[in-house]
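Okay, structure first, notes after.
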Amino acid sequence: MSAAAIDRGYGRALYEAAVEAGELDARITEVKALLSALDTELGSLLLSPKVPLASRIAVLEEVFAGAGAQFLAFLRLVAVKGRASSLAGIAHDFLDRVERGRGILRGQLESAVELDPQLVAEIRDTLSAELGGQLELSRRVRPELLGGFTVRADGRLLDASLKARLNALRRHLKSARVGG
């Protein structure tokens, strides 16, 4: 099983259990704390094969002593199953599910030049309506696009770049020469 599939499986289980228990807000706080903790020595300790499993679980229980019983049980399970290296991916999957559940979608807008904020808002609003959620766009300038823009969101790519149009024209001209 791929790491991404593991992250999705555990992330979904954590999300569904939190929703079912009515503890979503508490779980969000705990998962964000986990992500912060993984950026410290805790992350290295959890991944070290030199540290016995019982010690790793004891450290998790100490660090997250104030967390809910369900979250502590989840952390223990992940550690026992040897999936501690997946904790960050699981946490990100969980938070993505929270956002999708709240109708928030994330996307990346790339353009050849910095776009006018009003145009960005129009792109966001149009795509939000099409995708059925509130799209939040991060932005990046990529001069190699030559002009126009691309948007990646919800597993889709909208390529309205000049580079893509020129490539399509190039393919069309090549096929016209071959056929004609």
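Computed from the coordinates by the stated procedures, all read-outs in this text should not be read as laboratory data. Please read all numbers here as calculations on a predicted model, not as lab measurements. Backbone-built Cβ (ideal geometry, glycine too); neighbour counts: all protein chains shown.
For a quick check: sort 172, 92 by the number of other beta carbons within 10 angstrom, fewest at the front.
The fewest-first ordering by Cβ neighbours comes to 172, 92.
Candidate cross-link partners of residue 163 among the aspartates and glutamates, defined by an alpha-carbon separation under 17 Å and a same-chain spacing of 8 or more, comprise 110, 114, 144. Using the rule -39500 (n - 2.57) for each DSSP H run of four or more residues, divided by the residues of the chain, the 222 nm mean residue ellipticity is -20000 deg cm²/dmol. Comparing mean-square fluctuations of 162, 119, 38 from a GNM of the chain with C-alpha springs under 10 Å, the top value falls on 119. Taking amide H as placed 1.01 Å from N in the peptide plane, residue 148 has its amide H under 5 Å from the amide H of 112, 162, each at least 5 places away in sequence or on another chain. Of the beta bridges in the chain, as assigned by DSSP with both residues counted there, near 60 percent are antiparallel.
Antiparallel beta bridges, as assigned by DSSP with both residues in the stretch 103-179, represent about 60 percent of the total such bridges.
Compared with the dominant Cα axis of the chain, that is its longest principal axis, helix 69-80 is turned about 80°.
The C-alpha atoms of the chain define a longest principal axis, and helix 24-38 lies at about 90 degrees to it. For the stretch 82-97, the Karplus equation 6.51 cos²θ - 1.76 cosθ + 1.60, evaluated at θ = phi - 60°, returns couplings of x, 10, 4, 5, 9, 4, 5, x, 4, 4, 5, 4, 4, 5, 5, 5 Hz by residue, with Gly and Pro reported as x.
In summary, the lysines within cross-link reach of residue 81, defined as a Cα separation below 30 angstrom excluding same-chain residues under 8 places away, comprise 32, 50.
The list (1) 1.40; (2) 0.99; (3) 1.14 gives values of Cα Rg over 2.2 N^0.38 Å, and only one came from this structure; which label was calculated from it? The value matching this structure is (1).
Between the stretch 11-25 and the stretch 64-105, the C-alpha centres lie 9 angstrom from each other. To the nearest ten degrees, helix 3-21 and the longest principal axis of the Cα atoms of the chain are 60 degrees apart.
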